[in-house]
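**Student:** Next up is a structure, given as structure tokens.
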Amino acid sequence: MKHIIILGDGMADHPVERLGGKTLLQYANKPYMDMLAKKGKTGRLVTVPDGFHPGSEVANSSIMGYDQNEVYEGRGPLEAASIGYEMSPNDFALRCNIINVNDGIIVTHNGGNLETEDADVLIKYLNEKLASQYPGIVKFITGIQYRHLLIIKGGNKYVDCAPPHDHPNEEWKPLLVKPMEGVDEALLAGNSDKTPAEDVAENGGILSDEYRMSAQQTADLLNELILKSQEILENHPFNVARKERGERMANIIWPWGGGYRPHMLTLSQMYPQIKKGSVISAVDLIRGIGHYAGLRNIIVEGATGLANTNYEGKAAAAIQALKDGDDFVYVHVEASDEAGHDGDLELKLKTIENLDQRLIKPIFDEVSTWDEPVCIAVLPDHPTPVEIRTHVKEPVPFIIYYPGIEPDSVEKYDEVSCVSGGYGMLQLQEFMNAFMAIN
Ligand SMILES: [Zn+2]
């Protein structure tokens, strides 16, 4: 049997007074999800382990069957994978925003709406003027808009970096990088008496594979890069012109979210019945998880991560992947999460109805005509309630359906109905284990 997971990011919600006390899943018109709940078996799932934040990377990776205590490395390494940078074992990869600071204050975390094209020019300039001062150790890589990548060869990940979007209108100097507190001394320590530059010089221009800096050395290096980047970026003609026009400059780098290459088995190693699989998502983090999971990333034209995404294109790509021999497809749709963050009730309802009619319907209608049965799961990764406008750490409702499954008594798909689901409350990897055990 083939397997497909259809994930509506942030789709679960809370009861809303304007909807007569119903949740959005209870209120929305979604005949296919309800039909799958009626014919299939439902339950609830805890997607975020204790000690972790309810981020999409945590929840989606748990749903795919990964133990976060073993694999979690932050978003840097996932974004590295999604932009095609293959990490070495001693790489420390950080998300590197180009942000705007003024008078010592963080004004924006996005460099005043930086376009990828302009950012690429700045990133190249940073490599030329700044990374070149640390040959064999520092490298900047262009990502998307204001979101880029910084690789520190031999960097120590036990450093505390402040996510810039959490600190608007705050002074940035007190937020500079520090060694983590409350971490074992052995993890904070380096493993060489040589400086990184000495090691590079003695090792033919590259850092030796086993070299690891201390957390203090890494923090010092990152802070030096941040401080030096300001002068370099402010003198670049792009920013000089912005300043003359009275616009915000993209005038300092801000690295955060760093980690090592994740120790992830591929899904085929974990579930041998998956010989070939793919992931369909507009979101970097999900594509990155897919990469390390050994899945093929299918890029769908017009897939935006927003409510205007190409639902039909994603459905068609998923059907084609299954036809082309994939045993496992993970279709991720971000739109509901974005509507939740915007607090837009009508839009979020629309994204749920779109997922039902424009993605689940064409997939179900097609695969139900096939000789080889397809097992379908539908679920969100976490709730993003419209009245809270951020992710919350609560269980999510799920459906599993395949032809011939013994249905439970649940007849509708929503947070309340699925409490009575036949699967009960599953924890983390139990979902993927149960899903892949269906053959
Ligand atoms: Zn999410």
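**Student:** Out of curiosity, is Lys393 over 15 Å from Met11 (Cβ atoms) and more than 20 Å from the chain's Cα centre (by Cα)?
**Tutor:** So Lys393 does not fit the description; no.
**Student:** From the residues in region 15-54 that are out of contact with any His (no Cβ under 7 Å at 6 or more places or on another chain) and within 16 Å of the ligand (Cβ to nearest atom), which one is modelled with the lowest pLDDT?
**Tutor:** By that ranking, first place goes to His53.
**Student:** I've got another one for you. Could you list all residues from region 27-54 that are under 23 Å from Val16 (Cβ atoms) and out of contact with any strand residue (DSSP E or B) (no Cβ under 7 Å at 6 or more places or on another chain)?
**Tutor:** Once the filter is applied, which keeps residues that are under 23 Å from Val16 (Cβ atoms) and out of contact with any strand residue (DSSP E or B) (no Cβ under 7 Å at 6 or more places or on another chain), region 27-54 yields Tyr27, Ala28, Asn29, Lys30, Pro31, Tyr32, Asp34, Val48, Pro54.
**Student:** Going by the conditions given, is Ile98 touching a Leu at 6+ places or on another chain (Cβ under 7 Å), open to solvent by less than 10 Å² (accessible area, probe 1.4 Å) and more than 16 Å from the ligand (Cβ to nearest atom)?
**Tutor:** yes
**Student:** Further question: Of Asp356, Asp326, Asp337, which residue is in contact with a Ser or Thr (Cβ under 6 Å, 6 or more places away or on another chain), under 27 Å from Gly424 (Cα atoms) and not in a strand (DSSP E or B)?
**Tutor:** Being in contact with a Ser or Thr (Cβ under 6 Å, 6 or more places away or on another chain), under 27 Å from Gly424 (Cα atoms) and not in a strand (DSSP E or B) holds for just one of Asp356, Asp326, Asp337, which is Asp337.
**Student:** Need pairs with beta-carbon distance below 8 Å; first residue open to solvent by 70 Å² or more (accessible area, probe 1.4 Å) and within region 184-213, second of a type in the set (A, V, I, L, M) and in a helix (DSSP H, G or I); sequence gap 6+ or separate chains.
**Tutor:** Close Cβ pairs (under 8 Å, with a partner that is of a type in the set (A, V, I, L, M) and in a helix (DSSP H, G or I)) amount to Leu187/Ala215; Ile206/Val200.
**Student:** Could you say whether any residue in region 246-255 is under 25 Å from the mean Cα position of the chain (by Cα), of a type in the set (Val, Ile, Thr) and assigned to a strand (DSSP E or B)?
**Tutor:** Yes, the conditions are met somewhere in region 246-255.
Quick grid of which residues meet (1) touching a helix residue (DSSP H, G or I) at 6+ places or on another chain (Cβ under 8 Å); (2) β-branched (Val, Ile, Thr); (3) crowded, with 16+ Cβ neighbours inside 10 Å:
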{"residue": "Lys350", "(1), (2), (3)": "yes, no, yes"}
{"residue": "Ile363", "(1), (2), (3)": "yes, yes, yes"}
{"residue": "Pro385", "(1), (2), (3)": "yes, no, yes"}
{"residue": "Lys393", "(1), (2), (3)": "no, no, yes"}
{"residue": "Val416", "(1), (2), (3)": "yes, yes, no"}
{"residue": "Leu426", "(1), (2), (3)": "yes, no, yes"}
{"residue": "Gln429", "(1), (2), (3)": "yes, no, yes"}
{"residue": "Met432", "(1), (2), (3)": "yes, no, yes"}
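**Student:** Also, quick follow-up: Pull out all pairs, ordered by first then second residue, where Cβ-Cβ is under 6 Å, the residues are six or more apart or on different chains, the first lies in region 370-399 and is touching a residue at least 12 places away in the same chain (Cβ under 8 Å), and the second is more than 15 Å from the ligand (Cβ to nearest atom) and among the aromatic types (Phe, Trp, Tyr).
**Tutor:** The qualifying pairs are Pro373/Tyr402; Cys375/Tyr402; Ile376/Tyr401; Ala377/Phe435; Ile399/Tyr413.
**Student:** Which residues, counting only those in region 340-353, are in a helix (DSSP H, G or I), more than 21 Å from the chain's Cα centre (by Cα) and in contact (Cβ under 8 Å) with a residue 40 or more places away in the chain?
**Tutor:** Within region 340-353, Leu345, Leu347, Leu349, Lys350, Glu353 qualify.
**Student:** So if I check each of Asp284, Asp326, which one is open to solvent by less than 50 Å² (accessible area, probe 1.4 Å), of a type in the set (Asp, Glu) and more than 16 Å from the ligand (Cβ to nearest atom)?
**Tutor:** Asp326
**Student:** Would you point out the residue of region 236-275, among those that are charged (D, E, K, R) and surrounded by fewer than 16 Cβ atoms within 10 Å (Cβ to Cβ), that is nearest to Gly294 (Cα to Cα)?
**Tutor:** Checking each candidate, the answer is Lys275.
**Student:** Among the numbered criteria (1) in contact with a strand residue (DSSP E or B) (Cβ under 6 Å, 6 or more places away or on another chain); (2) assigned to a loop (DSSP other than H, G, I, E, B); (3) away from the ligand (no atom under 14 Å from the Cβ), which single criterion is violated by Ala12?
**Tutor:** (3)
**Student:** Name the pairs whose Cβ atoms lie under 6 Å apart, with the first residue in region 295-322 and crowded, with 17+ Cβ neighbours inside 10 Å, the second basic (Lys, Arg) and part of a strand (DSSP E or B), and 6 or more positions between them or separate chains?
**Tutor:** Listed pairs, sorted by first residue: Leu322/Lys2.
**Student:** Moving on to the next point. Step by step: first the residues of region 384-414, then only those that are of a type in the set (Asp, Glu) and more than 16 Å from the ligand (Cβ to nearest atom), then the one that is farthest from Glu17 (Cα to Cα). Which residue is that?
**Tutor:** Glu406
**Student:** Separate question: Got a number for residues in region 58-78 being within 16 Å of the ligand (Cβ to nearest atom) and either open to solvent by 40 Å² or more (accessible area, probe 1.4 Å) or modelled with pLDDT under 95 (or both)?
**Tutor:** The qualifying residues number 3.
The values are calculated or read from the model by the stated rules, or taken from the named source; none is laboratory data. All figures in this text were calculated on a predicted structure; none of them were measured in a lab. Counting neighbours? That spans all protein chains shown, and the Cβs are built from the backbone with ideal geometry, glycine included. We work out accessible area using only protein heavy atoms, side chains counted, and drop any ligands, DNA or RNA first. Shrake-Rupley method; radii C 1.70, N 1.55, O 1.52, S 1.80 Å.
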